[in-house]
Each structure stands twice: as C-alpha cells, then as structure tokens.
Amino acid sequence: MSTRLGPATQVPIQFFLDHVLPPLDAEIDTDAVLAKLRRYGKGPHRAITKAGRWCGFSVDPAKIKGPHSGSAFANWPRVVDAIARCGAPTGKCMKPSLRLVNNPSPGRDAEDCSVRAAPDAYMVAPDVLAGKTEVPWTSIAVIGEYETYASDKDDNVSKITRSISRAFEDPRRRFVFGFTIEDTAMRLWFCDRTQLIVSTYVNFITEHKIVVHTFLSLIYAEPHHLGWDSTIKLIEDVNKDLQYDFTVERGDGSTAVFRSLSCISHAGSKTVLSKGTRVWRVVSLVNGVPTGEPAVLKDEWVHEELEREGTTLQEIQQYDRSDEFQGTFFKSFLTALAHGDVVLRSPTGAHAPYCDRTRQHDVNARAYVAGMALPDVSLFAPRGVVLAHLVSVGENFALTGCRVHYRIVFKECCAPLTLSMPLHIVFSALGEVCEALKVMHRAGWVHRDVSIGNIMLDVTGRAKLVDLEYAKKMGDKSVPELSVVSFNLSSNLGFDGR
C-alpha cells in the first residue's frame, strides 16, 4: 500500500495482535472478558447486546446521520471504557493507563498543535484529561481516525499518516500505534523509523474478541509499550519551553545524563521512515545540576549492520599512538564524550534490556498466511524499535534490514561550513579535510560520505570532518546494498571540475 509516509506493509490481523501490539497481560482471559461484557449493563444497554453487536451500534455507522464522520462513532469511547472495566487483570491493582476520547473538534490545521488539530479520536492517560479542554500532541498515545463510509478509506489513510507524522514531532516517540475505522471495518497501524505496518480489516462491531484483545493490550500498557522513550525525560524551564534530559548508556553499562539547551537541527527527523536525526546543544547533568561547557548530542536511528560512529572514531584514534598522528586526529575529528545504543531498562531494576514490545525473549516471526512460514528468526530485538523490516512479497511478507536507536555526545560545538563563506576559508577547510581523510586511510578506513554538510568549523576555525556513520574498513564487503551518494563539492562551489 502506498501512503504519504512511504509503503505500508499489510499483515494479517492475528499477526498484528501476536507480534506488534504490546503483550496482553498474562492474567487477562479474553473469553472471560467477553462473558462479562455480555452481562455488563441492563437490557438493551448491555455492552454486547443480544443481537451480538456493541451497545450503541445497533446499526452500521454508514446508516447513521450526523454533522460529521465522528457522529456515527460517538458511543465508541463508552464501549472501550466497558472493555477496560471488564478486562482489568484480576489479582492486581492495575488502573487503566489510557482512555479513549473522541475529539470534540475533529478539524485539521497544519499549524495548530491544539485539540483542533488532533485526530478524530485519541487514547491518552486519564490524568491528562482532568480539567483540560485541550490535549497536547505530546500526550496522545494512540491515534484513531474515523470515516462513516467504506468508500472513504483513502481519506482515513491520509489522516492517520498525517497524524503519525505529528506524533513523531515529539523526540520521545520511538514508535506509534493507531487505528482507522471506515463504517464497520477497522484496521490497526504501527509505525517506527523503519517501517509502516497495517493490519487486514476486522469488523469492529461483531468481531469482539479481536477488539477486546486490541484495546486491552493498549489500555493496560506501560509508556514504553506505547512507544515513548524512557531514556528521555520531558521537562519545562521557567519560560515553559520544552527541555529534555537524555540518558546515554555507554558500552560498559555506565550512563551519563545531558540536558538540552536548544535544538540545533531537526530537519532529519521530519521524514518519518528515516534516520530521524536530531542534533541538540546540551550540558552535562551531575547529580541533577548542569555542569561544564555546552556539548552537542546527536540522536538518530542507524543501520544495525554498520559500525557505530563513536566506535569508528575510537578505532581510528587507537591505530597509531604517535604524537604526530594523535595531534592530527584530534584536530581533524570531533571528540566523543559518550555514546551507545539506546537500551530500555526494566522499571523493576532488572538488567535485561527490553525489546521493543518489552518482551524478554525472542519472538519467532511466522506469518499467519496459509502455506507460508517466515524464517526462524527474531522479529524483535533488544535495541531499536522493530528491528526486522517486514516487506510484502506478493500476498505474503518477509524480513529484511533494520535500524537501531543510537546516541552520541561530542565535546565540540561547531558551525557548519557554508557556501556563503569567503573562498579562502572554504579552501582552507577543504585542505584540512584532506588531512582528516589521510588519517582515516592510514588507519584503514574510508569515510564514504564526504559532503559539504559533513564539514564543520570549530571555535578556532579549524575544519572537522563529521558523520562517520557510513565509514567502513578498507576491503569490507559487508552490507553491499547500502550506498551513499556523495555531494559534488566542485559543482556546488560553482566550478566545472577542470
């Protein structure tokens, strides 16, 4: 399926329930919940009526007249509330993490971050709703979009993908869940930085067991189940500007915390299915107190197969311990203060990293398609979001590459080399970049992504060659499918190359 975000892979609804949604609590028995729902309420107000339909949906939405598409689904939040009450895990003092709310003003304004720009429905934490008339995008956990008529499914696809894009404007979002309903047909959606997944259709009015499973898995999920990054803490400064505390876990397990001062660049995050690169000016936090000089933090999703940028810098620097080599290295490259893959840890203190759906074991990815089984590999892994990428193959689907969430902090705060600078500065920087490339080649590495955008100037005016994430060792033939298009320096400087 083609969408504004890119291709969407369609998977069977049962596969989505088993391998994409947050895991259902072990104490929840969907058959027992259905039995309660059939007894919940009185007479025609039972949650599941004698006609086998949800209360408030005695007729299909397409047959209900109203001022807008949401009118036909006015009763849906009450049904979901009933599911939450009847499905609460027994023996646990668990309160619902989310409530479903219909947007009272389901309009669209591209520049408006208030409720007027919110989706047709959204699931938010109950305390977010207390005394508030507007719900910020940073509080919306799950997106819902409605269309009364089945023929308007393309409109719903447009709305859900636009809402997903808005949700990813929050730096804490690792992935997003959503649902769309056209008349009686419901589909489930999932999106991370690697892929967009949509389920096959289910009749939300009559296929109760699937609906119960879906909403209970979301309602009783923890924030990290729902795609929020627990290693980023949202705070507000005295001027009500948003700030974030980033935790960086090094390879040895030690951690460092950095507080954002300003966002240097977020252009790389605007495309959802991408590296999602954001660059921040930050300061180190020691015992909660900002300490030291400002630094630069880069947060992005990198190809799992590639060497991490911090590791590459370390290997190049350690190649030759001579004063000459070390001096040229530190003049030519940025200094990494801390770096590592982003790993979500258990709230109970367990050291085992969460995989994306917080399961503590690998999941065998097997298609629920007759006669077709996927390779015996793990679909979910400890780092990143859903690391294996599902790709449609005819009516079936298979697994391909993946991205991993990675974070690195640099000591130097630099300025970009721009074409508006005097030519003597540009040519001086190019000469210094040649020195950096010589250092790399001497250590046996190739940069593979030399561009004017990857040349920075430090406070002394010295050029630094940055973004080594695509660098490879000479002779390395791995991941041949990855290619890098280099920026043509001479043509962009206005020369013909002669």
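All of the numbers you see were taken from the coordinates with simple rules; none came from a lab. Bear in mind that the values here come from a model prediction, so they are computed numbers and not experimental data. Here the Cβ is made from the backbone with ideal geometry for all residues, glycine too, and neighbour counts use every protein chain on show.
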Self-check item: 13 Å Cα-Cα reach of Lys153 towards aspartates and glutamates, excluding residues that sit fewer than 8 places from it in its own chain
Solution: Glu145, Glu182, Asp183
Self-check item: Over 26 Å (Cα to Cα) - which of Lys36/Lys65; Lys331/Lys473; Lys411/Lys477; Lys95/Lys275; Lys233/Lys275 fall in this group
Solution: Lys36/Lys65; Lys411/Lys477; Lys95/Lys275
Practice problem: Select from region 242-343 those GluC sites (Glu not before Pro) which occupy a DSSP coil region and have at most 14 other Cβ atoms within 10 Å, ordered by residue number. | Solution: Glu305
Practice problem: For region 2-228, give the magnitude of the charge dipole about the Cα centre (Cβ charges: +1 Lys/Arg, -1 Asp/Glu; no others), in debye to the nearest 20. | Solution: 680 debye
Practice problem: Quick one: Debye curve from the alpha-carbon atoms of region 2-228 only, equal weights, vacuum; give me log10 I(q)/I(0) at q = 0.07, 0.08, 0.13, 0.18 Å⁻¹ to two decimals. | Solution: -0.20, -0.26, -0.73, -1.52
Practice problem: May I ask you to derive the FRET efficiency for Lys473 and Ser105 from their Cβ-Cβ distance with R0 = 60 Å, giving the value to the nearest 0.05? | Solution: 0.60
Practice problem: Along Cα→Cβ, 7 Å out, is where each label goes; now give me the distance between the ones at Glu222 and Glu315 in nm to one decimal. | Solution: 3.4 nm
Practice problem: Evaluate E = 1/(1 + (r/R0)^6) for Thr335 and Glu134, where r is the Cβ-Cβ distance and R0 equals 41 Å; express this FRET efficiency to the nearest 0.05. | Solution: 0.40
Quiz prompt | Ascending count of other beta-carbon atoms within 10 Å, so fewest first, for Thr138, Thr312 | solution = Thr138, Thr312
Practice problem: Counting other Cβ atoms within 10 Å, keep those with at most 12, restrict to DSSP loop, and tell me which trypsin sites (Lys or Arg not before Pro) in region 296-341 are left. | Solution: Arg321
Self-check item: Two-site FRET efficiency, Leu437 against Cys413, from Cβ-Cβ distance with R₀ of 25 Å, rounded to 0.05
Solution: 0.60
Exercise. Check the straight Cα-Cα distances from Lys42 and name the lysines below 16 Å, setting aside those fewer than 8 residues away within the same chain.
Key: Lys50
Quiz item: Within region 193-215, whose backbone N sits under 19 Å from a point 7 Å along Cα→Cβ of Thr30?
Solution: 198-215
Quiz item: Any idea how far apart Thr90 and Asp60 come out in nm if each label point goes 7 Å out from Cα toward Cβ?
Solution: 3.8 nm
